[in-house]
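Engineer: Below you will find the structure I want to go over with you.
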Amino acid sequence: MKYEKVYPKESIKHLVCFFWNFEADFDAASSYQHSSVASIYPKLAFQYIPGMKISKNHEAINLFNSGFQSQTDTFCQLSAEQKVGVFGIYFQPYAIPFLFDLPTSEITNQNIEIAELLGKEGVFLEEKVLNCVNTQERVAVMTEYLEQRINKFSTRLADTIPAIQHIVFHKGSTKMKEVLQQQFLSQRQFERNFKLLTGFSPKNFSRIVRFEKSIENAINQDLSLTEVALQAGYFDQSHMIREFRAFTGKKPVAYFSEDLSLFVKE
């Protein structure tokens, strides 16, 4: 199994967290199983060696060859029983409106084929990426494309971005009153802008941030479940278990028993 992570150029890093490339050869005896769980980060993925399947409610179907995995507060299962190769872009939580002229809330909890969202432009982009021969070429193609797509932050939305960044920086453990005090907007307008940018209400966004940070802490610091819960800001371990069931469909013990090596920091 080969996994590469490439960080973006200065010109797009305010909207892109990183690029990744994943390639492996599986079979029925050693299949790939991955829980795709709640996340504030939308992603765009291209299968240059198709073979990934997605299942919800125990029904597996082929995953799109190229498309968006939106920000989500739910979960599904990804799997493969053959050789696969996937290249993707991991976007900042607020990137979608500034790249694709679309409120993020319109694609929440969806997996969308690239042609469905971007039309002929998406088909052309897919062809260019799938014809690349290595990660470096794929990154170059996508960087050029994204540089051409960037829209300037509107004054109406720009003030909300620091609030999103503030919640992420504080790992979801921020009181909304503190966030609102930094805004020059009414609460109603702030919440409307926030959902347009991230697809979630501030409260639900914070819940998912805390959940994602708890996974990061558990993997990279080798903590007990009690330590994970306390460090993430949960009231207690029972609170964390409820959140994990909502966002992964599993208890923390079951989720952490999976192979999460791709999430380990380099």
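Engineer: Would you calculate a helix-derived [θ] at 222 nm for the chain, using -39,500 (n - 2.57) for each DSSP H run of n ≥ 4 and dividing by the full residue count, to the nearest 500?
Structural biologist: -12500 deg cm²/dmol
Engineer: While we're looking at this one, here's another question. Below 17 Å, Cα to Cα, which aspartates and glutamates can LYS195 reach? Residues fewer than 8 away in the same chain don't count.
Structural biologist: Excluding near neighbours in sequence, the set is ASP73, ASP101, GLU106, ASP159.
Engineer: Calculate, axis by axis, the spread of Cα positions in the chain along the three principal axes, and write the results as whole Å, longest axis first.
Structural biologist: For the chain, the Cα spread along each principal axis is 49, 44, 33 Å.
Engineer: Residues in region 1-39 near a label at GLU81, defined as backbone nitrogen under 15 Å from the 7 Å Cα→Cβ point?
Structural biologist: What the label zone holds, given the 15 Å backbone N cut-off, is 26-34.
Engineer: Further, regarding this structure: Using +1 on the beta carbon of Lys and Arg, -1 on that of Asp and Glu, and nothing else charged, what's the dipole of the chain about the Cα centre, debye to 20?
Structural biologist: Details: 29 positive and 30 negative charges, 198 e Å.
Charge dipole, the chain, about its Cα centre: 960 debye, nearest 20.
Engineer: Please label the shape of region 110-266 as rounded, prolate or oblate, based on the square roots a ≥ b ≥ c of the eigenvalues of the alpha-carbon gyration tensor (a/c under 1.5 means rounded; beyond that, a/b larger than b/c means prolate, else oblate). Don't skip to the end; give the middle numbers.
Structural biologist: Values: a/c = 2.28, a/b = 1.23, b/c = 1.85.
Cα axes put region 110-266 in the oblate bin.
Engineer: For region 1-150, what does the accessible surface come to per residue with a 1.4 Å probe? Please give it in Å². The partial results should precede the final answer.
Structural biologist: Numbers: 7030 Å² over 150 residues.
So region 1-150 comes to 47 Å² accessible per residue, rounded to a whole number.
Engineer: Show ASP159, ASP222, ASP259 ordered by accessible area, largest first, where the area counts protein heavy atoms only and the probe is 1.4 Å. Intermediate values should be presented prior to the final figure.
Structural biologist: Details: ASP159 70, ASP222 135, ASP259 105 Å².
If we order ASP159, ASP222, ASP259 from most to least accessible, we get ASP222, ASP259, ASP159.
Engineer: Compute the FRET efficiency between GLU116 and ASN220 as 1/(1 + (r/R0)^6), taking r as their Cβ-Cβ distance and R0 = 41 Å, and round to the nearest 0.05.
Structural biologist: On the way: r = 36 Å, r/R0 = 0.88.
Efficiency, from the Cβ-Cβ distance: 0.70.
Engineer: With a 1.4 Å probe and all protein chains in place, put GLU23, GLU116, GLU212, GLU178 in order of accessible area, largest first.
Structural biologist: Numbers: GLU23 60, GLU116 135, GLU212 40, GLU178 90 Å².
Of GLU23, GLU116, GLU212, GLU178, the descending order of accessible area is GLU116, GLU178, GLU23, GLU212.
Engineer: Scan region 186-236 for chymotrypsin sites (Phe, Trp or Tyr not before Pro) in coil per DSSP, keeping those whose Cβ has at most 10 other Cβ atoms within 10 Å, and list them by number. Walk me through the numbers before you get to the answer.
Structural biologist: Values: sites: PHE190, PHE194, PHE200, PHE205, PHE211, TYR234, PHE235; in loops: PHE200, TYR234, PHE235.
Here the sparse-neighbourhood loop sites are PHE235.
Engineer: What are the extents of the Cα atoms of region 192-266 along their three principal axes, in Å, largest first?
Structural biologist: Here the spans come out as 38, 30, 22 Å, largest first.
Engineer: What would the Debye formula give as log10 I(q)/I(0) at q = 0.13, 0.15, 0.20 Å⁻¹ for the alpha-carbon point model of region 1-104, no solvent?
Structural biologist: -0.51, -0.67, -1.10
The values are calculated or read from the model by the stated rules, or taken from the named source; none is laboratory data. Remember, it's a predicted structure, so these values are computed and weren't measured experimentally. Please note: Cβ atoms are built from the backbone with ideal geometry, for glycine as well, and neighbour counts cover all protein chains shown. The area values use the complete protein model at the heavy-atom level, side chains included, leaving out ligands, DNA and RNA. Shrake-Rupley method; radii C 1.70, N 1.55, O 1.52, S 1.80 Å.
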